[in-house]
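Worksheet: the structure to be examined is printed underneath.
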Amino acid sequence: MPLTSDRVLCQNPVKIKRVVIDPGHGGHDPGTISANRRFHEKNITLSVSLKLGALINQEYPDIEVIYTRKTDKFIPLDQRSEIANKSKGDLFISIHVNGVGAKSASGSETFVMGPDHSSSNLKVSMLENSVITLEGDDYQSKYEGFDPNNPESYIIFTLLQNAHLEQSLTFASLVQKHSAGGPVRINRGIKQAGFLVLWKTTMPSVLVELGFITNTADLSVLSLEKNHEKFAWNIFNAFKEYRSMYEKESSELQPVVTATGNQGSKDEKSLPDDNIIFKVQIMAVNRLLEPSSHFFKGEKGVTYYKAGRFYKYMAGEFGSPEEAEKELIRLRKKFEGAFIVKLKKGVPSPYNKR
Ligand SMILES: [Zn+2]
């Protein structure tokens, strides 16, 4: 049986304070272009982004909206994530328009950072990332050897964002849900791909592809300003729902308790009141597991806390992130998506090296 604890984790529910909106492309990088050359992705993404930001400002004056660009200006990909990280955003929304050779491809889709390397996803991310080749010859050193034209380069970007994957997936699914009524009606769903701009951000992040500029039906929608308002409303409605879920979830955080029985007598002092400790989250599932559950794969001393629908299970306990990282390497062999969690006064949050 899980032990109970009388420690209360969360007196102050976490609030979304800052949203970063990233209008794709800009300046000398037009993004995808319509066949008649009249419509450029960069203008559509900026128009939708500014409308989305205005909606958020209007409904939530307390939330700060940060744009990676507000004008027709070229911003390198790494600067976009830097702007997001520096501003300590709580959510990153990158807005794009798709374009492919096949004129039949149409519909909207939302990407999260992830390990899916099916070839069509890869093509989209290669297209979006190829903007870094426009940034000059030093891009390989700037992006740590990342070559946008080499599929192998994408493999290294997979696991790094798992800490925020759950929230990114939630937001992505809400964007697709709220896009169901159009203006682009075909829903291509949620996808995972190695977008550089998502990889470098240390917060829940999505990349929305509004539709295909290369498809006649999608273009007729994308080219009209009044539809930009609708796109913005769809993403805004997704944000509204996400915000209430997120804030409800964090106010419902329940204390960290032992899941699999402790090793020795560590349990009582396992949550120092003011100290920062580190644990490794091994999984999040929507039910309480028996201590003997095979899901723990033999790990002892696993603790958990409940956040909204999820029971989040953590192994180990360390005074420094370096120690936790050693354990992370071991645990990732058993639990692929494991990541480090920081507990400050018992309140857990994903740990990112900034
Ligand atoms: Zn794009």
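See the values below:
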item: Count - residues of the range 13-39 that are within 16 Å of the ligand (Cβ to nearest atom), surrounded by fewer than 24 Cβ atoms within 10 Å (Cβ to Cβ) and part of a loop (DSSP other than H, G, I, E, B); result: 7
item: Ser130 being modelled with pLDDT under 90 and assigned to a helix (DSSP H, G or I); result: yes
item: Options Glu268, Glu249: the member that is farther than 22 Å from Ala84 by Cα and either at pLDDT 70 or above or buried (at least 16 other Cβ atoms within 10 Å of the Cβ) (or both); result: Glu249
item: Which numbered condition Thr216 fails, given (1) at pLDDT 95 or above; (2) under 20 Å from the mean Cα position of the chain (by Cα); (3) of a type in the set (S, T, N, Q); result: (2)
item: Where Lys42 falls short, out of the listed (1) modelled with pLDDT of 95 or more; (2) of a type outside the set (Phe, Trp, Tyr); (3) crowded, with 16+ Cβ neighbours inside 10 Å; (4) over 28 Å from Leu219 (Cβ atoms); result: (4)
item: Test for Arg80: is it buried (at least 22 other Cβ atoms within 10 Å of the Cβ), within 15 Å of the ligand (Cβ to nearest atom), charged (D, E, K, R) and assigned to a loop (DSSP other than H, G, I, E, B); result: no
item: Filter pass, Ile95 being modelled with pLDDT of 95 or more, surrounded by 18 or more Cβ atoms within 10 Å (Cβ to Cβ) and within 16 Å of the ligand (Cβ to nearest atom); result: yes
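Listed here are the residues, each with its yes/no results for (1) modelled with pLDDT of 65 or more; (2) within 24 Å of the chain's Cα centre (by Cα).
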| residue | (1), (2) |
| --- | --- |
| Leu253 | no, yes |
| Ala259 | yes, no |
| Asp273 | no, no |
| Val285 | yes, yes |
| Leu289 | yes, no |
| Tyr304 | yes, yes |
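The values are calculated or read from the model by the stated rules, or taken from the named source; none is laboratory data. Just so you know, these numbers come straight off a predicted model, no measurement behind them. All Cβ positions, glycine included, derive from the backbone under ideal geometry; neighbour counts span all protein chains shown.
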